[in-house]
Amino acid sequence: MRVLVADDERLLADTVAVGLRRATMAVDVAYTGGQALEKIQVNRYDVAVLDRDMPDGTGDDVCRWIAEHRLATRVLLLTAACGVYDRVEGLGLGADDYLTKPFAFAELVARVQALARRTAPALPPVLEREGVVLDVATRTASRDGRSLDLTNKEFGVLHALMRAQGQAVTTEDLLEQVWDEHTDPFSNVVRVTVSTLRRKLGEPQVVQTVPRAGYRLGLP
């Protein structure tokens, strides 16, 4: 999944981004409402984590824009205000969830993951295909009972391919879902990651190259 984190507290925004990346999410960061709006208009996000109080356009403004343009992006608002009225007001803007500061990071991750599941058709928490088993909650994967030691990016690519249920996933889609805005779109990171993932999955090969279409998970 791809997430936007927007907060003018740079240390907090960067810390949240690092933690979400460790949970195999692709994360972009904005430090003002204006930056967040620019990124929303260019990139497709599953979830936007927005601080309500930012300079140059608030999280409320960004949330309102997302709602007005009917984007599929789910919104989690962050704020230091914890009153019932504040929560009701935030949800009334079109937000999908609300979290007050300070918060437990594990709860933030769980809420982001729950929101991301609502942007796509529901899938079981454990995905299985061609002997490959992937458990998103525990971030574990195996093939034919053999545990796989995957990097975050390898896990992310495998997750994207398994979610596609046998359909081809383009290189561009993999870049958008697994990496972030700082990745050179002309780099070979996807090809290299797929290559190492294939090696770890072993024989027979289940990650197939589909000419002019990308990659799919399935036997030839």
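The values are calculated or read from the model by the stated rules, or taken from the named source; none is laboratory data. Given the structure is predicted, the values throughout are model-derived calculations rather than measurements. Every residue, glycine as well, gets a Cβ built from its backbone with ideal geometry; the counts of neighbours run over all protein chains shown. Remember, those area values only see protein heavy atoms, side chains included, never the ligands or the DNA or RNA. Shrake-Rupley method; radii C 1.70, N 1.55, O 1.52, S 1.80 Å.
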Quiz item: Per-residue accessible area for HIS159 at 1.4 Å probe radius, Å² rounded to 10?
Solution: 30
Practice problem: Could you name the lysines whose alpha carbon sits less than 25 Å from that of LYS200, not counting residues in the same chain fewer than 8 places away? | Solution: LYS153
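In the chain, which longest range has no trypsin sites (Lys or Arg not before Pro) that are both DSSP loop (not H, G, I, E or B) and surrounded by at most 11 other Cβ atoms within 10 Å?
Working: sites that count: ARG70, ARG212.
After excluding every exposed loop site, the longest remaining stretch is 71-211.
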Quiz item: Using 1/(1 + (r/R0)^6) with R0 = 45 angstrom and r between the beta carbons of LEU12 and ARG212, what's the FRET efficiency to the nearest 0.05?
Solution: 0.55
Quiz item: Tell me, what is the FRET efficiency for SER195 and ALA72 to the nearest 0.05, using R0 = 30 angstrom and their Cβ-Cβ distance as r?
Solution: 0.45
Quiz item: Here are some values of Rg and Dmax of the Cα atoms in Å: [x] 18.3, 58; [y] 16.8, 59; [z] 16.2, 51. Which one was computed from this structure?
Solution: [x]
Quiz item: How high is the relative contact order of the chain, in percent, with contacts defined as C-alpha pairs under 8 Å that are six or more residues apart?
Solution: 17
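What accessible area per residue, rounded to a whole number of Å², is obtained for the stretch 120-179 using a probe radius of 1.4 Å?
The answer is 51 Å² per residue.
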Practice problem: Could you state how much accessible area ASP173 has, in square angstrom rounded to the nearest 10, with a 1.4 Å probe and all protein chains kept in place? | Solution: 60
Exercise. Express the carbon and sulfur contribution to the solvent-accessible surface of the chain as a percent, rounded to the nearest whole number, probe 1.4 angstrom.
Key: 53
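Which helices, taking whole DSSP H runs in the chain, have alpha carbons extending 24 angstrom or more along the helix axis plus mean Kyte-Doolittle at least 1.0?
Helices meeting the span and hydropathy rule in the chain: none at all.
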